[in-house]
Amino acid sequence: MIEAVQTSSQFTQRVFSGIQPSGGLTLGNYLGAMKRFVDMQGQDYETIYCMVDLHAITVWQDPAKLRHATRELCAGFIAAGIDPEQSILFNQSAVPEHAQLAWIFNCVARMGWMQRMTQFKDKAGKNAQNASLGLFAYPALMAADILIYHATHVPVGEDQKQHLELTRDIATKFNHDYGVDFFPITEPVIEGAATRVMSLRDGSKKMSKSDPSDASRINMTDDADTIAKKIRKAKTDPDALPSEAKGLENRPEARNLVNIYAALADMSVEAVLKDAGGKQFSEFKPILSELAVAKLAPISTEMARLTQDAGEIDKILDRGAERAREVAAPILKKTYEIVGMVGA
Ligand code: AQP
C-alpha cells in the first residue's frame with residue numbers, strides 16, 4: 001500500500017533551474033536566467049542549478065565541445081555569483097535519476113500535449129521527421145529535472161513558459177492517475193525587464209546561443225571591443241528614445257536595448273526612460289556599451305580563469321552531483337513504489 005505522502009503545502013521551498021551547455025552563454029541566458037538564479041540564492045529557498053547536458057544532445061553536439069561547454073558553463077555559474085556550497089551545482093547526466101523519472105513521465109505525458117510545444121516546432125523546423133525523438137520528448141525530461149527535486153519554483157526566461165505549464169500538467173496527471181499528492185505544482189518565476197532578450201539583428205527573434213549569426217548575440221566570453229562593436233551595429237530605428245514605456249510599442253529593437261539596459265542596471269524600464277528619453281541611439285548605444293562592459297567583463301574574466309582548471313571544475317561538479325542524488329534518489333524510489341515497480 002502507498003504510504004501517506006506530503007501535501008502540497010508541506011513541500012520545501014526549493015528552486016531548480018538549468019541551462020544547456022549547447023554553446024557559449026549569451027547575455028539572454030545571463031539576464032533571463034543566471035542573474036536571477038543568483039538573486040534567489042540565499043533567500044528562503046534551497047537552490048539547485050544544473051548544466052542540462054542531456055538536453056543539449058537532443059541536437060548533435062561535438063563531444064569535445066560539449067565537455068568544454070559544460071565546464072565553461074559551470075565556471076559561468078560560479079563567476080556570476082553561484083556559490084557551490086550554498087547551492088547545489090552539477091551536470092544532469094551525473095544524476096541518473098533525471099533520465100529515470102523522465103521515462104515515467106514519457107508514459108504520463110500525452111502525444112497531443114507534446115505536439116503543441118512551440119519550441120519543438122521552432123527547433124525542428126520544416127524537417128520535423130528528421131528531428132531526434134529526444135528533441136520531441138525534451139519537455140518530459142525537463143519536467144523530470146524539476147520534479148525529481150520536488151522543486152516549487154523555477155526561474156526561467158519567457159521562452160520556457162509553455163514547458164513549465166507542461167510540467168504542471170504532468171505533475172497533476174501523475175497525482176491524479178495514482179491518487180496521490182506527491183509532485184508539487186511548480187510555480188514558474190518569469191519576472192524582470194529581460195525575460196526575453198531579443199537578437200541584436202532582429203527584434204522579433206530571441207537572442208540564442210545557436211543562432212548562426214554571432215552578431216545577433218552578446219556572448220559572455222566576448223571582450224569589451226566585441227561587445228561595443230555588436231551594440232554599435234545593433235539594429236535600431238531612426239527615432240529618438242521615448243520618455244515613457246508605452247512609446248516603445250511597435251519598436252522591438254528599441255525596446256530590446258532599453259530592456260537590456262534596465263536589467264543590467266537593476267532599474268525599471270520607466271526609470272531608464274526618464275533619463276534616456278529624447279536621446280538618439282548614437283548617444284544611447286555608447287552608454288549601454290559602457291554599462292554592459294562594466295557588468296560583464298568581471299564575469300567573463302573570472303569565467304576564463306576558472307575554466308582553465310578543469311580538475312577543480314570536475315571536483316565541484318562531482319560534489320554537486322553527490323548532493324543532488326541525496327535529494328533525488330528517495331523521490332525516485334517513492335515514485336517507483338507509487339507506480340508499482342518491484343524491488344529497487
Ligand atoms: N534570449 C533570452 N532571453 C531571456 N532568457 C533566455 N533564456 C535563453 N535565451 C533567453 C533562458 O536561459 C535559460 C537557459 O536556456 P537554455 O540554454 O536551456 O535553452 P534555450 O532557452 O533554448 O536557450 P538558447 O540560448 O536559445 O539555446 P539554444 O540556442 O541551444 O536553443 C532558460 O531559462 C531560458 O529561458
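Tabulated results
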read-out	value
Residue among Val52, Val15, Val59 that is closer than 27 Å to Gly203 by Cβ, of a type in the set (Val, Ile, Thr) and touching a residue at least 12 places away in the same chain (Cβ under 8 Å)	Val59
Qualifying residues in region 318-337 (those that are of a type in the set (A, V, I, L, M, F, W, C) and buried (at least 20 other Cβ atoms within 10 Å of the Cβ)) - the one farthest from Pro96 (Cα to Cα)	Val327
Leading residue by the ranking (nearest to the ligand (Cβ to nearest atom)) among those in region 170-181 that are touching a residue at least 60 places away in the same chain (Cβ under 8 Å) and buried (at least 22 other Cβ atoms within 10 Å of the Cβ)	Ile170
Members of region 234-281 that are among the charged types (D, E, K, R) and in a loop (DSSP other than H, G, I, E, B)	Lys235, Asp237, Asp239, Glu244, Glu249, Arg251, Asp266, Lys279
Test for Gly203: is it within 13 Å of the ligand (Cβ to nearest atom) and on the phi > 0 side of the Ramachandran plot	no
Any hit, region 67-88, residues being more than 12 Å from the ligand (Cβ to nearest atom), closer than 17 Å to Leu164 by Cβ and surrounded by 16 or more Cβ atoms within 10 Å (Cβ to Cβ)	no
Failed criterion for Gly192 (all others in (1) at negative phi; (2) within 16 Å of the ligand (Cβ to nearest atom) hold)	(1)
Residues (assigned to a helix (DSSP H, G or I) and either under 15 Å from Arg71 (Cβ atoms) or touching a Phe, Trp or Tyr at 6+ places or on another chain (Cβ under 7 Å) (or both)) located in region 301-311	Glu302, Met303, Ala304, Arg305, Leu306, Thr307, Ala310, Gly311
In region 135-168, residue surrounded by the fewest Cβ atoms within 10 Å (Cβ to Cβ) [restricted to those that are part of a loop (DSSP other than H, G, I, E, B) and more than 13 Å from the ligand (Cβ to nearest atom)]	Thr152
Which numbered condition Asp211 fails, given (1) in contact (Cβ under 8 Å) with a residue 60 or more places away in the chain; (2) near the ligand (Cβ under 9 Å from one of its atoms); (3) under 26 Å from Leu291 (Cα atoms)	(1)
Among (1) surrounded by 24 or more Cβ atoms within 10 Å (Cβ to Cβ); (2) within 12 Å of the ligand (Cβ to nearest atom), the one test that Ile48 misses	(2)
Options Asp223, Asp202, Asp159: the member that is over 22 Å from the mean Cα position of the chain (by Cα) and of a type in the set (Asp, Glu)	Asp223
Residue in region 91-134 that is modelled with the lowest pLDDT, counting only those that are of a type in the set (D, E, K, R), in a helix (DSSP H, G or I) and exposed (fewer than 14 other Cβ atoms within 10 Å of the Cβ)	Lys126
In region 173-223, the residues that are among the hydrophobic types (A, V, I, L, M, F, W, C) and in a loop (DSSP other than H, G, I, E, B)	Val180, Phe182, Phe183, Ile185, Ile190, Ala193, Ala194, Val197, Leu200, Met207, Ile218, Met220
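The values are calculated or read from the model by the stated rules, or taken from the named source; none is laboratory data. What you see is a predicted model, and the numbers here were worked out from it, not measured in a lab. All Cβ positions, even for glycine, are placed from backbone atoms using ideal geometry, and neighbour counts span all protein chains on display.
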